Amino acid sequence: MTQSPDARNRSSFIAEKLMHFLVRYGLMIVIAFLFFGLILLISGEDPIQSYRDIFTSTLGSSYGFSEVVVAMSPMLLTALAVALPSRLGLINVGVEGQLYMGACFSTWGALAFSNSPSWILLPLMIVLGMIGGALWAFIPGYLRALGLVNETITTLLLNSVAPMIVSFFVFGFWHSPMDTNKTPNFSPSARLPKFFDTRIDLSLVIGLALLVLFWFLMRYTRWGLEMRAIGGNPLAARRNGIPVKTYLIAVMCIGGAIAGLAGMTQVSGYYGVLLVNFSRGIGYMGFLISWLAGGSPLGILLTSFVISIIFSGGNLLQLTRDLPYAVINVLLAFTLFVVLARPSFLINRKEA
Amino acid sequence: MPKLLPPESHPTLMISMREISKTFPGVVANDRIDLDIYRAEIHALLGENGAGKSTLMKILYGFYRADSGRIFLDGQSLSIQSPHDARLAQIGMVFQDFTLIPAFSVAENIALFLPDLGAVLDIKDVNLRIEQLSARYNLKVNPHAMVSELSIGEQQKVEILKLLLSDARLLILDEPTRVLAPHEVDALFQVLDGLRKDGLAIILITHKINEVMECSDRITVLRRGRVVGTVPQPDASESMLVEMMFEKKLSDVEVSRSVIRKGALQPLLKLHGVYTRSEGLGVNLVDIDLEVCPGEIVGVAGVSGNGQKELGDVVLGMIKCLKGTKNLFGKGVTHHSIQRMRKSGISYIPENPLTMAAAPFMTVLENMAVTKTWRYARQGGLRMDWQAVMTDIENTMKRMGFSLPWYVPARSLSGGNLQRMIIVRELTHDPRLIIASYLTRGLDVQSTIAAHSALIQARENGAGVLLISESLEELFKLSDRLIVLYAGRIVGRFRPKETDSYEIGHLMTGTKVQHDTKS
Ligand SMILES: Nc1ncnc2c1ncn2[C@@H]1O[C@H](COP(=O)(O)OP(=O)(O)OP(=O)(O)O)[C@@H](O)[C@H]1O
Ligand SMILES: [Mg+2]
């Protein structure tokens, strides 16, 4: 009765799963765009023309494409900051706050050691950013490990505190002589290197490398195995001798560190200055992406790419078609709705 | 494919399954199975672990869809696509794990299941119907009680009531006796007898052949997804059924009495004055003094829910000692982490493998490694040596005569195979102390013997065993010493020769409570 399926069987199973995954997400995106087309029609626009505009402005030119990649880079990191703890069953809604703390810590480094060469300053800022994010995630992680408070609530609460701390430092100490709501521009040595004359910076490489690392960690290593065991059944994992509490705290902190790193790359790469309220919700977007992608590394890459297209294209629609920016949120909401509703005909129903 | 003819009509024939096949990736679970069920019969379904019994019944209940084959009701072809269809055809099933909602009362749970549930709940009417039915079949439960307060046996009564109230005429019970205490088994069989007299058909899956002989009318044996044969109970004998199930005769284990040189060796495990505080509905352990020596099996008797789970958990370190001390190999380990305890050679087979020991969505192979990740990690943890895991586990499996697929998720294993998985995992690497709770739950006769002899083997190699069980037969057969747990206290200590099941039974149920056990 019990023969193990042979290796070929296994690899074809994986191929089947991948196909299934691609078809499912592809179809979902098509459905979302159909819905959105309706909205465009109602507001008196030509949907086909609008989509063509979106396409040409994003994927149709190398500049457009580079802007999509620029928008995508921090989302890779914020999505990862959600996906990693989610493997343990932790719901990290606090990426936004962790990102602000990371930005805050690394800005301190950038301002205090602005004369150092970049090979010292950048690593220092990265470490500082990660420490800031990790500290902000440690609090919820620790409370959760003690069994006191659920991390969902604490991370969410801390989100509203972090921007205040940033404002406090910026308004109080760091602001530039001209503006009160931002620091002076960072010195060139505190800026992440950029590629090919575009705004794409090192954060893309960091994000992609971390995604690969994440995949390797979960798939091959001892820690990945233990994390999956905890995510699958925390009580059994404890009985099986896995130090669940340590993992809860450590993984939450690592998630926070990645979010802090995202904050660092935003101030050091994208802006080159710390603005209060700079994030525009990339932290929350990471949460969305991670859940849409089911926490899988490839899924995160694809989903953030699509969402970045929607964002960049939305900017364009706003400019050329005179549509309100809120329309983009409608499209995003549709995508989310379709994915979460998981239309039943897309799901293979062998099990039923 | 042969044409599927409707079965010959017979006045009391109810359900016929014809040529039912079902494959899962890599496994043929059901292979052209024919099964007839008559009205007013108790039909027992027997077969080794993984034979395909649960799968067949889930097909009949509409939970799985067969790859091929047909089902007839009263000679008419019947299409069962979902449990809803099955219930329309008056077929009901009680699964191995119950599906009641703990926070609801008995009446509410039953009302939720009724086909004619109106928009406004008429709980009074439901209560009345529950009372009528429970009086008729001696299925006494308080309709107002919360399900979370009920014992396993009572919950099972609720499950059966639920089906009866929704007008089921065929009841499928998947290993109903697995978690029941002996006296609850007798009560269940009386209920089933009453139902049979009223013309209901009952399909009963069990691994205990004496139960089959006691209460069934006809017996169908499955092996490797096929029907070996169907025999009327009067024509059957225990040895014949065993032979049908395994294609061979089985001989029980030889239990040698071990010679413990007490005093010469220090105890492996020593609990002294241990108290615990449980969360929720658990039991508190009170003043537990317990020793387990090398080469000794200490049996723990008791009705489940009297502190067995807590005892295992406190030894492992899952729950803290509130007071008292815990010694392992002569060293104080009261506050050691579970990981440390496991590294020093403790194994734990908890009472419910799926919820307490396994990660359901991980593969069998991965589940085999999770208790010993430190042992199989290579390059500081960057890689796991799966080959080494397989080698080690295969050794144990060969010794016990088990075989399991490596790459299927644990969740898809049959009930008995899941238990085998945990047993194999926990007995690999020669543990020095084994805590085994309800070791043979869900195992077929052959695997039960294999598990018992593995325990005895471990004892002969000098391991200590804490054997927690509800089966007095098992305890008397294997234990060198016996303790009885009641309401979280040890209320009796015996050598098996000095006592009998009558005395232990009384202590277990608290009917002859000694002065020091009143709390
Ligand atoms: N959902 C599933 N996915 C894959 N394989 C399955 C699934 N359900 C059952 N199987 C396989 O089908 C075979 C038969 O399983 P089944 O549960 O019917 O056995 P069983 O006779 O009930 O055994 P037991 O006495 O151990 O409960 C087993 O090998 C099992 O691994
Ligand atoms: Mg079964």
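Can you tell me which residues in segment B:72-81 are out of contact with any Ser or Thr (no Cβ under 7 Å at 6 or more places or on another chain), part of a strand (DSSP E or B) and not small (Gly, Ala, Ser)?
Those that are out of contact with any Ser or Thr (no Cβ under 7 Å at 6 or more places or on another chain), part of a strand (DSSP E or B) and not small (Gly, Ala, Ser): B:73, B:76, B:78.
Residue check: is residue B:87 more than 16 Å from ligand 1 (Cβ to nearest atom), in contact with a Gly (Cβ under 9 Å, 6 or more places away or on another chain) and away from chain A (no Cβ under 14 Å)? Spell out how you get there, then give the answer.
On the way: more than 16 Å from ligand 1 (Cβ to nearest atom): yes; in contact with a Gly (Cβ under 9 Å, 6 or more places away or on another chain): yes; away from chain A (no Cβ under 14 Å): yes.
Considered against the rule, which asks whether it is more than 16 Å from ligand 1 (Cβ to nearest atom), in contact with a Gly (Cβ under 9 Å, 6 or more places away or on another chain) and away from chain A (no Cβ under 14 Å), residue B:87 comes out as yes.
Please indicate, with yes or no, whether at least one residue in segment B:400-409 is closer than 26 Å to residue B:329 by Cβ, open to solvent by 10 Å² or more (accessible area, probe 1.4 Å) and assigned by TED's automatic domain parsing to the domain that holds residue B:341. Write out each step before concluding.
Of segment B:400-409, the ones closer than 26 Å to residue B:329 by Cβ are none.
The answer is no; no qualifying residue exists.
Take segment B:339-355 and flag every residue that is open to solvent by 20 Å² or more (accessible area, probe 1.4 Å) and within 8 Å of chain A (Cβ to nearest Cβ).
B:339, B:343, B:355
Yes/no matrix, rows are residues, columns are (1) open to solvent by 30 Å² or more (accessible area, probe 1.4 Å); (2) assigned to a loop (DSSP other than H, G, I, E, B):
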site: A:138; (1), (2): yes, no
site: A:143; (1), (2): yes, no
site: A:157; (1), (2): yes, no
site: A:166; (1), (2): no, no
site: A:172; (1), (2): yes, no
site: A:176; (1), (2): no, yes
site: A:180; (1), (2): yes, yes
site: A:184; (1), (2): yes, yes
site: A:192; (1), (2): no, yes
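Any chance segment B:447-454 includes a residue that's surrounded by fewer than 23 Cβ atoms within 10 Å (Cβ to Cβ), among the aliphatic types (A, V, I, L, M) and within 14 Å of chain A (Cβ to nearest Cβ)?
There is no residue in segment B:447-454 that is surrounded by fewer than 23 Cβ atoms within 10 Å (Cβ to Cβ), among the aliphatic types (A, V, I, L, M) and within 14 Å of chain A (Cβ to nearest Cβ).
Suppose we filter segment B:393-412 for residues that are over 17 Å from residue A:236 (Cα atoms) and either at the interface with chain A (Cβ under 10 Å from one of its Cβ atoms) or within 12 Å of ligand 1 (Cβ to nearest atom) (or both); how many remain?
Number of matching residues: 8.
Looking at (1) modelled with pLDDT under 90; (2) open to solvent by less than 30 Å² (accessible area, probe 1.4 Å), can you tell me which one residue B:258 breaks?
(2)
Examine segment B:356-368 for a residue that is farther than 17 Å from residue A:219 by Cα, in a helix (DSSP H, G or I) and either more than 9 Å from chain A (Cβ to nearest Cβ) or touching a residue at least 24 places away in the same chain (Cβ under 8 Å) (or both), and state whether such a residue exists.
no
Just give me the residues in segment A:209-251 being more than 7 Å from chain B (Cβ to nearest Cβ), open to solvent by 20 Å² or more (accessible area, probe 1.4 Å) and of a type outside the set (A, V, I, L, M), in sequence order.
A:215, A:216, A:219, A:231, A:234, A:245, A:246, A:247
Condition first: out of contact with any Gly (no Cβ under 6 Å at 6 or more places or on another chain) and within 16 Å of ligand 1 (Cβ to nearest atom). Now tell me which residues in segment B:162-200 satisfy that.
Hits for segment B:162-200 are B:172, B:173, B:174, B:175, B:176, B:177, B:179.
Specify the residue that is farthest from the other protein chains (Cβ to nearest Cβ); the eligible residues are those in segment B:15-66 that are open to solvent by less than 10 Å² (accessible area, probe 1.4 Å), within 16 Å of ligand 2 (Cβ to nearest atom) and more than 16 Å from residue B:221 (Cα to Cα).
The qualifying residue farthest from the other protein chains (Cβ to nearest Cβ) is B:60.
Can you find, within segment A:49-96, the residue that is modelled with the highest pLDDT among those that are of a type in the set (Ser, Thr, Tyr) and open to solvent by 10 Å² or more (accessible area, probe 1.4 Å)?
So, considering only residues that are of a type in the set (Ser, Thr, Tyr) and open to solvent by 10 Å² or more (accessible area, probe 1.4 Å), the one modelled with the highest pLDDT is A:86.
If residue B:336 meets every condition in (1) more than 13 Å from chain A (Cβ to nearest Cβ); (2) more than 24 Å from the chain's Cα centre (by Cα); (3) assigned to a loop (DSSP other than H, G, I, E, B) apart from one, which number is that one?
Of (1) more than 13 Å from chain A (Cβ to nearest Cβ); (2) more than 24 Å from the chain's Cα centre (by Cα); (3) assigned to a loop (DSSP other than H, G, I, E, B), only one is false for residue B:336: (1).
Filter segment B:158-177 down to the residues that are touching a Phe, Trp or Tyr at 6+ places or on another chain (Cβ under 9 Å), closer than 18 Å to residue B:96 by Cβ and open to solvent by 10 Å² or more (accessible area, probe 1.4 Å) and list them by number.
Once the filter is applied, which keeps residues that are touching a Phe, Trp or Tyr at 6+ places or on another chain (Cβ under 9 Å), closer than 18 Å to residue B:96 by Cβ and open to solvent by 10 Å² or more (accessible area, probe 1.4 Å), segment B:158-177 yields only B:162.
Hey, among the residues in segment B:396-426 that are within 14 Å of residue B:347 (Cα to Cα) and either touching a strand residue (DSSP E or B) at 6+ places or on another chain (Cβ under 7 Å) or of a type in the set (Ser, Thr, Tyr) (or both), which one's farthest from ligand 2 (Cβ to nearest atom)?
B:426
Exactly one of these conditions fails for residue B:228: (1) more than 14 Å from chain A (Cβ to nearest Cβ); (2) open to solvent by 30 Å² or more (accessible area, probe 1.4 Å); (3) more than 16 Å from ligand 2 (Cβ to nearest atom). Give me its number.
Residue B:228 satisfies every listed condition except (1).
Looking at B:388, B:377 in this structure, which one is more than 10 Å from chain A (Cβ to nearest Cβ) and free of Cβ contacts under 8 Å to residues at least 24 places away in the same chain?
B:388
When residue A:139 is evaluated against the numbered criteria (1) on the phi < 0 side of the Ramachandran plot; (2) modelled with pLDDT under 90, which criterion, by number, is the only one it fails?
Looking at each condition in turn, residue A:139 falls short on (2).
Search segment B:428-446 for residues being open to solvent by 10 Å² or more (accessible area, probe 1.4 Å) and under 19 Å from the mean Cα position of the chain (by Cα), and hand back the single one that is nearest to residue B:54 (Cα to Cα).
Within segment B:428-446, the match that is nearest to residue B:54 (Cα to Cα) is B:441.
Could you figure out which of (1) open to solvent by 50 Å² or more (accessible area, probe 1.4 Å); (2) at pLDDT 85 or above isn't true of residue B:189?
Status for residue B:189: all satisfied but (1).
In segment A:18-52, which residues are of a type in the set (Gly, Ala, Ser) and either touching a residue at least 12 places away in the same chain (Cβ under 8 Å) or in a helix (DSSP H, G or I) (or both)?
A:26, A:32, A:37, A:43, A:50
Looking at this structure, is residue B:140 in a helix (DSSP H, G or I) and either basic (Lys, Arg) or open to solvent by less than 10 Å² (accessible area, probe 1.4 Å) (or both)?
So residue B:140 fails the test.
The values are calculated or read from the model by the stated rules, or taken from the named source; none is laboratory data. Everything quoted here is computed from the prediction, not taken from an experiment. Every residue, glycine among them, receives a Cβ derived from its backbone with ideal geometry; neighbour counts consider all protein chains shown. Just the protein is used for accessible areas: all its heavy atoms, side chains included, with ligands, DNA and RNA removed. Shrake-Rupley method; radii C 1.70, N 1.55, O 1.52, S 1.80 Å.
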